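Chemist: I'd like to ask you about the structure that follows.
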Amino acid sequence: MQTTHFSCRLENQDLLSSPLTLPLKFYYLTEEEEYVLSQLVSTTQKGVIPMSQVIAIVNQKGGVAKTTTTVNLAAALVQQDERTLCVDLDPQANLTMSLGCQNPDELPYTIADVIDKVIAEKNIDPSEGIIHHAEGIDLMPSSIQLSGYDTLLINEYGRENMLRQYVDAARPFYDHILIDCQPSLNILTINALVAADSVLIPTQPQFFSAKGLELLFQTYSKVRRKMNPDLNAHVR
Ligand SMILES: Nc1ncnc2c1ncn2[C@@H]1O[C@H](COP(=O)(O)OP(=O)(O)O)[C@@H](O)[C@H]1O
Ligand SMILES: [Mg+2]
């Protein structure tokens, strides 16, 4: 096991000073990263598989590079002309900030509003609230509003399927949808596992990280058995 990082670095580290115009630049790709990227691109060649590939980036441990992996993978994919949507499913909104949004809590529409719509059984327009990054990445942002939703969803029917409804509506418009999860195995993370085709697990080669993977794999297996039998896992 090793920490994943796709070697597409942000050129401007001062993220907050240049909202939505952050230049992204490739430096190098290792052979393994080249291979992973080529696999992602080749399996979704337009006209071969019409629907997008949905990847949940998950680990209940914080600081293992979930958000970094999401933003770098998205940057690498758009450089290959792949239509890519990032969904920020973490109320800390690190991905939203990484893509240049200075004040996520002031955004008029976030993933929390999407879930509200699904709960209220309203029609979902997948383009509503999308932030278009100048480099080509689309973002469904998050904000602190999402922090109460694990409790809110407890009493809702079909609580594990809320995100899937949004993702399925967005699939026809993207080659890849990346879901950046919060460091928790709560109902929102389960929603990501149910909505996804595959789960990417960034981790670190440390004892407690490995122990944490046991619980994550139990959850993954349960979701696979009960809700999403086609889900695949990749540990990096
Ligand atoms: N490959 C890497 N090498 C060194 N530091 C990294 C790498 N990937 C991420 N980091 C750093 O680790 C920290 C946590 O990363 P982050 O993506 O926010 O983790 P998570 O989303 O899992 O909480 C950040 O400060 C980030 O810059
Ligand atoms: Mg994160």
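The values are calculated or read from the model by the stated rules, or taken from the named source; none is laboratory data. The shown structure was predicted, so the numbers you read here are calculated from the model rather than taken from an experiment. Neighbour counts are summed over all protein chains in view; Cβ atoms, including those assigned to glycine, are modelled from backbone coordinates with ideal geometry.
Chemist: What about A75, is it crowded, with 22+ Cβ neighbours inside 10 Å, more than 12 Å from the chain's Cα centre (by Cα) and in contact (Cβ under 8 Å) with a residue 12 or more places away in the chain?
Modeler: yes
Chemist: Here's something else I'd like to know. So, in segment 203-233, how many residues would count as being in contact (Cβ under 8 Å) with a residue 12 or more places away in the chain and not in a helix (DSSP H, G or I)?
Modeler: The total comes to 9.
Chemist: Any idea which of (1) in contact (Cβ under 8 Å) with a residue 40 or more places away in the chain; (2) surrounded by fewer than 20 Cβ atoms within 10 Å (Cβ to Cβ); (3) touching a helix residue (DSSP H, G or I) at 6+ places or on another chain (Cβ under 8 Å) is the one G129 doesn't satisfy?
Modeler: (1)
Chemist: Can you give me the ranges of the helices (runs of 4 or more DSSP H) entirely in segment 84-163 with at least 2 residues that are farther than 17 Å from I187 by Cβ, within 16 Å of ligand 2 (Cβ to nearest atom) and of a type in the set (S, T, N, Q)?
Modeler: Qualifying helices (runs of 4 or more DSSP H): 94-98.
Chemist: Condition first: more than 13 Å from the chain's Cα centre (by Cα), among the polar types (S, T, N, Q), surrounded by 17 or more Cβ atoms within 10 Å (Cβ to Cβ) and modelled with pLDDT of 95 or more. Can you find one or more residues in segment 185-194 that meet it?
Modeler: Within segment 185-194 (the criterion being more than 13 Å from the chain's Cα centre (by Cα), among the polar types (S, T, N, Q), surrounded by 17 or more Cβ atoms within 10 Å (Cβ to Cβ) and modelled with pLDDT of 95 or more), the answer is no, since none of the residues qualifies.
Chemist: On to the next question. Only one of these conditions is not met by I124: (1) among the hydrophobic types (A, V, I, L, M, F, W, C); (2) within 16 Å of ligand 1 (Cβ to nearest atom); (3) surrounded by fewer than 24 Cβ atoms within 10 Å (Cβ to Cβ). Which number is it?
Modeler: (2)
Chemist: Here's another thing I want to ask about it. Would you check if D180 is closer than 19 Å to T67 by Cα and not aliphatic (A, V, I, L, M)?
Modeler: Yes, satisfied.
Chemist: Is it the case that segment 167-179 has a residue that's within 16 Å of ligand 2 (Cβ to nearest atom) and on the phi < 0 side of the Ramachandran plot?
Modeler: Checking segment 167-179: at least one residue is within 16 Å of ligand 2 (Cβ to nearest atom) and on the phi < 0 side of the Ramachandran plot.
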